[in-house]
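For reference, the structure is listed below as C-alpha cells.
The values are calculated or read from the model by the stated rules, or taken from the named source; none is laboratory data. These numbers were taken from a predicted model, which means no experiment stands behind them. Because the Cβ atoms are built from the backbone with ideal geometry, glycine has one as well, and the counts that use them run over all protein chains shown. Accessible surface areas use protein heavy atoms only, side chains included; no ligands, DNA or RNA. Shrake-Rupley method; radii C 1.70, N 1.55, O 1.52, S 1.80 Å.
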Amino acid sequence: MTKLKETVMHYVFLLAACVSIAAVVLICVYLLGNGIPTMFEIGLGNFFGKVWKPSQDLYGIFPFIIGSIYVTAGAMVVGVPVGILCAVFLACFCPHRLYRVLNPAVRLMAGVPSIVYGFFGLMVLVPVVQRLSGTSGKGLLTASLLLGIMILPTIIGTAEPALRAVPRSYYEGALALGATHERSVFSVVLPAAKSGVLSGVILGVGRAIGETMAVIMIAGNQTKMPGGLLDGLRTMTSNIVLEMGYSTGIHRQALIATGVVLFVFILLINTCFSLVKGREAK
Amino acid sequence: MKRSSAPTGRRTAAEIMAHSRSQIWLSAVLKLLVWLAAVLTAAVIILLVGYILITGIPNLSWDLFAWKFTTENQSMMPALVNTLCITVIALLLAVPIGVGAAIYLVEYAKRGNRLVKLVRLTAETLSGIPSIVYGLFGMMFFKVALGWGYSMLGGAVTLSIMILPLILRTTEEALLSVPDSYREGSFGLGTGKLRTVFSVILPPAMPGILSGVILAIGRIVGESAALIFTAGSGKDNLSFVTKDGFSVFAPLFQSTRTLAVHMYLLMSEGLYTAQAQATAVVLLVLVVGINALSGFAAKKLAKGNDHG
C-alpha cells in the first residue's frame, strides 16, 4: 500500500514538473501555428512593410518593430547607467542605515503594477515633456524615460547581488595596491561582477520590449514610421492591445502575428540571457 | 613585481603627485556619479508613490466601494471581488503544480537529469514571456479554441501559467535550503520518501514557499495585459444565476475585470480621472502590502534557518 502510494506520488510530481514543458510547447504551437500561416497569407512583403492600414488590407508592422526597438534602446540609455550606478551604490557605498530604507524602496518599485506606472507617466511625465517641447508630450522621449524608470528595479535587483558575490579579497587587494575605494570598486569589483550585471541588463531589455500597458498611455501610438525623439510611435505590444478589441478576421490574425514577432524577439533575448548565465556558471 | 614597480622608480616626485591628484579627482567624480544615481532613484520612488497617494487619497469615497457598479459611482467593489476570485483560482492551480514540480526537481530527480534541464529551461522561458503574449495565448486557447469566451476561468488559468515559474523557482530555492541532514535523519529512522518530503522537508521550507506565493499574488493583482482579452472587462457582480437558470459554475464563465483592468478602462475612457486616481491608490497599497508580506515571510525563513 505504502509502496503503491510512493510510486503514484512519484509520477504525480513528475507530471507536475512536465507542466511547464507542456505550457511552453502549447504556447509555441498556438502562437506559431496561428501566426506564421497568417504572415504568408498576408504576404511577407506586406506584413513586414511600412504601412499599417487594416481598412485597405495593408498590414505592415515594420514601424512597430522599429518602435519597439527605439523604445527599448531609449529605456536602456536612461535605465542602464542609473541602474548599474545605483546597484554599485547599494553594494559598495551605501551606509547601513540608508540601505535599510533604500533597498526595500527599490523592491517596492519592482512591485508597482505597470498600469500604475502608465498612469504616473501620463499624469506627470507627459505634461512636463509637453511644456518643455511644445509637442503633445507623448512619444519616444516620454516612453524611454518611463521605461527607463521601470527597468531600474530589474537591473538593480540582479546587479546588486552579483556585486555582493564578488569575493572581498578582490576589493581588499586593490586597496592594498593603493587604489582609492572608488577606483577599487569600479576597476576591480565591477568587472568581476560583469556577467551578473549583464544578465540584469538583458532582463531589463526583455521587460522593456514586452511592456504594454504603460507604453500605450504615453507613446502616442501613431502608426507611421517613428521619427525623432519627440515624435509619437507605436510598439508591437501596444498595437496588439489597441486594436484587438474591435478587430475581426485577417486583421485579428495580423495582430496575433505581431505577437509572434514579439515572441521571437523575446526568445532571442532569453537565449542571450541563458548564454550569459551559462558563462557565469563556468 | 619588479616590472610593474620599475616605471614608478623612474618618475619624478612631481609626476607621482600629479598622478595621485588625478586619481583623487577621478574618485571624486565616480563617487559623485554613484550618489547621483542613488538620489535619482530615490527621488523617482518618492515622486511616484507621493504623486499616487497625494492625488488619489482625496478622491477616495464610500461610493467607490459600493457593492454594485453603476455609471455614476464607477465602483471598484466588483473588480475587487473579481481580483480576489481570480487570485484564488490561479493559486489553486499553480501552487500544487509548482510545488510538486519543485519537489520532483529537488527530491526525486537525479542530478544532471535531462528532464530537469528541460524543465529549468522551459521555466526560464516562461518567466521571460511578457504578459501580453500570455494574454494572446489565453485568448486563442481558452477563449476561442475551448470556447469559454471572456471568462474568469480563462483569465485565472492564463495567470496560473504565468506565475508557475515564480512558484517553481522560489519553492526550489526553499527546498534546497533545507539541510541534507534532515533528509538523512528521516531516512535513517526508516521513513519513506513521501513521508520525509511532507513531514520533514516541507515544514521548514514553508516560509520560503509562502514568500513565493505572496509574490505571485502581487503579480496577479497588478496584472492587466494578460487579462484584458482572457477575462474580459465585465463590470457586473459575480452571479450564480444566468439566463439558463442557477449554476454553481456560472461565475467561472462570466466576463470579469480585475482591479488593474478596471483602472486601465477608467483611464482609457478619459472621463474618470478622479476615480482612476483613487483606484491607483488602492492598487498600489494592495500590491505594496502584499510584497511587504512576502519579504516578511522570507525574513522568517532566514531566521528559522539560523536557529536550526
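For region A:146-258, what does the alpha-carbon gyration tensor say about shape, rounded, prolate or oblate, given a ≥ b ≥ c as the root eigenvalues, a/c under 1.5 as rounded, and a/b over b/c as prolate? Prolate, since a/c reaches 1.5 and a/b exceeds b/c.
Close lysine pairs were tallied over chain A: pairs 8 or more places apart or on different chains with Cα atoms under 17 Å apart number 5.
The order of the peptides B:38-45, A:128-135 by mean Cβ neighbours within 10 Å, most packed first, is B:38-45, A:128-135.
In this simple spin-label model, placing a label point 7 Å from the Cα along the Cα-to-Cβ direction at both residue A:194 and residue B:72 gives a separation of 6.7 nm.
Buried accessible surface for the A/B pair, both sides summed and rounded to the nearest 100, is 6500 Å² with a 1.4 Å probe.
Taking R0 as 25 Å, what FRET efficiency do you get between residue A:271 and residue A:36 from their Cβ-Cβ distance, rounded to the nearest 0.05? Once rounded, the FRET efficiency stands at 0.85.
For residue A:52, the residues whose amide H sits under 5 Å from its own are A:60, ignoring neighbours fewer than 5 places away on the same chain, with H placed 1.01 Å from N. Coupling constants for region B:57-74 follow from the phi torsions by the Karplus curve (6.51 cos²θ - 1.76 cosθ + 1.60, θ = phi - 60°), and in residue order they are 4, x, 8, 6, 8, 5, 4, 5, 10, 5, 4, 9, 7, 10, 5, 6, 8, 6 Hz; glycine and proline get x.
By the helix-only formula, in which each DSSP H run with n ≥ 4 contributes -39500 (n - 2.57) and the sum is divided by residues, chain A has a 222 nm mean residue ellipticity of -24000 deg cm²/dmol. Of the whole protein surface, residue A:194 contributes about 130 Å² of accessible area at a 1.4 Å probe radius.
Once both labels are positioned 7 Å from their Cα atoms along Cα-to-Cβ, the gap between residue B:57 and residue A:131 label points is 2.4 nm. Calculated FRET efficiency, residue B:146 to residue A:48, Cβ-Cβ distance, R0 = 22 Å: about 0.10 to the nearest 0.05. FRET efficiency for the residue A:246 to residue A:26 pair, using the beta carbon distance and R₀ = 25 Å, is estimated at 0.40.
Using the 1.4 Å probe convention, the accessible area of chain B works out to 49 Å² per residue with neighbouring protein chains retained. Applying a length cut-off of 30 Å (Cα extent along the axis) and a mean Kyte-Doolittle floor of 0.0 to the DSSP H helices of chain A leaves A:2-42, A:62-88, A:140-164, A:249-281. The heavy atoms of residue A:44 offer some 80 square angstrom of accessible surface to a 1.4 angstrom probe.
Using Cβ point charges alone (K and R +1, D and E -1), the dipole size of region B:120-206 about the Cα centre works out to roughly 220 debye. Screening chain B for DSSP H helices whose Cα atoms reach 18 Å or more along their own axis and whose mean Kyte hydropathy is at least 0.5 gives B:13-56, B:77-103, B:152-176, B:202-222, B:273-307. Ranked from largest to smallest solvent-accessible area, with a 1.4 Å probe on the protein heavy atoms, A:168, B:21, B:10, A:207 come out as B:10, A:168, B:21, A:207.
Counting heavy atoms of the protein chains alone, residue B:85 has an accessible area of about 40 Å² for a 1.4 Å probe.
What you get for region B:65-307, charging only the Cβ of Lys and Arg (+1) and of Asp and Glu (-1), is a dipole of about 500 debye around the Cα centre. Accessible area per residue for region A:180-282 is 37 Å², calculated with a 1.4 Å probe on protein heavy atoms, without ligands, DNA or RNA.
For chain A, the fraction of C-alpha pairs more than 29 angstrom apart is 48%. Applying the Kirkwood pairwise sum to the alpha-carbon positions of region A:2-47 produces a hydrodynamic radius of 13.3 angstrom. Here region B:180-239 and region A:1-30 have alpha carbon centers that stand 16 Å from each other.
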